[in-house]
Amino acid sequence: MSSFANLKKNSKSSFDKLTAELSKLNKAAIPNNDEENFWRPDVDKAGNGYSVVRFLPAPEGEDVPFVRIWDHGFQGPGGWYIEKSLTTLGQKDPVSEYNSELWNSGVEANKDIVRKQKRRLTFISNVYIVKDTLHPENEGQIKLFKYGKKIFDKLNAAMNPEFEDENPLNPFDLWKGADFKIKIRNVEGYRNYDKSEFDESSKIFDDESQIEELWNSYANSDGHKLQSFIDPSKFKSYDELKAKLHRVLALDSGNHPSVNKDPVESAPPPVEKKAEPKKQAAAVTSDGDDDAMDFFKKLAEED
């Protein structure tokens, strides 16, 4: 039996596996792919945008159609710290440990520092682009889509509806899934995804052979594999990350808020105006972590 035939036959069991994985994530507290493999929804001059995508099943050999990545992006006196967090792999991470120490100090100024250094959450999935209003040349293509918690919450809500008159929907199913309408608004200078929603459940195409062609076009493609993003070899070691953290925050020079008497004076100096998120509000979104991290990376490259 072909892999496509197995995909259709195991549609129900795949949904059960996915809901189990979501349950684990809800209870729980990138390789160098070409950027052209990624797609992101764009906005007009007013900050509004509209696109439609279809989330796709996990590629051949993978069980879950998304990966979850935690990372950090902040600036200190020693430069930028932009790294994936080892908590992605369920391991100890030096930034998380340092943030816990600051938070548990009970000093409010230390908590403010933690908020600036907190983890950022990103998900990656494969999507079929149904409609891209501002860039119609992308329509009909399969791309990697990096998104934040706001959109993931909508996926989770579709699979686990709150009310008894709502039927669970597997957004990643080619036959019983649904188009996802991405509606972006500019709310107080930030991108807002709250109005994004799923359409009615439907087959991605009426023609079965067209569905099979779509599956075969990405299922075995290295450029669309998801687990490679969380391969341990793609992460720096604990010792490497700790050394970089100490260098960026100048911790070895005594700049340690949790042990100094005056946490305000010992906090890292304010960043230059060009790097203040408030000055660049339009570049950061309320979905948040996906676009914000790219924004921080660009700032680091400019320095």
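Summary table
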read-out	value
Segment 82-115, residues that are under 17 Å from A243 (Cβ atoms), assigned to a helix (DSSP H, G or I) and among the β-branched types (V, I, T)	V95
Lone qualifier among D153, D132, D112 - being surrounded by 21 or more Cβ atoms within 10 Å (Cβ to Cβ) and among the charged types (D, E, K, R)	D132
Test for F38: is it buried (at least 20 other Cβ atoms within 10 Å of the Cβ) and aromatic (F, W, Y)	no
Every residue from segment 62-90 that is within 30 Å of V127 (Cα to Cα) and in contact with a Ser or Thr (Cβ under 9 Å, 6 or more places away or on another chain)	D63, P65, F66, V67, R68, I69, W70, D71, H72, S85, L86, T87
Subset of segment 186-241 that is of a type in the set (A, V, I, L, M) and modelled with pLDDT of 95 or more - its residue that is nearest to P171 (Cα to Cα)	I204
Condition broken by Y50, with the remaining ones in (1) among the aromatic types (F, W, Y); (2) assigned to a strand (DSSP E or B); (3) buried (at least 20 other Cβ atoms within 10 Å of the Cβ) satisfied	(3)
Residue in segment 197-211 that is touching a Ser or Thr at 6+ places or on another chain (Cβ under 8 Å) and closer than 28 Å to D42 by Cα present	no
Residue list for segment 170-217, restricted to those being over 21 Å from the mean Cα position of the chain (by Cα), hydroxyl-bearing (S, T, Y) and surrounded by 14 or more Cβ atoms within 10 Å (Cβ to Cβ)	S201
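The values are calculated or read from the model by the stated rules, or taken from the named source; none is laboratory data. What you see is a predicted model, and the numbers here were worked out from it, not measured in a lab. All Cβ positions, even for glycine, are placed from backbone atoms using ideal geometry, and neighbour counts span all protein chains on display.
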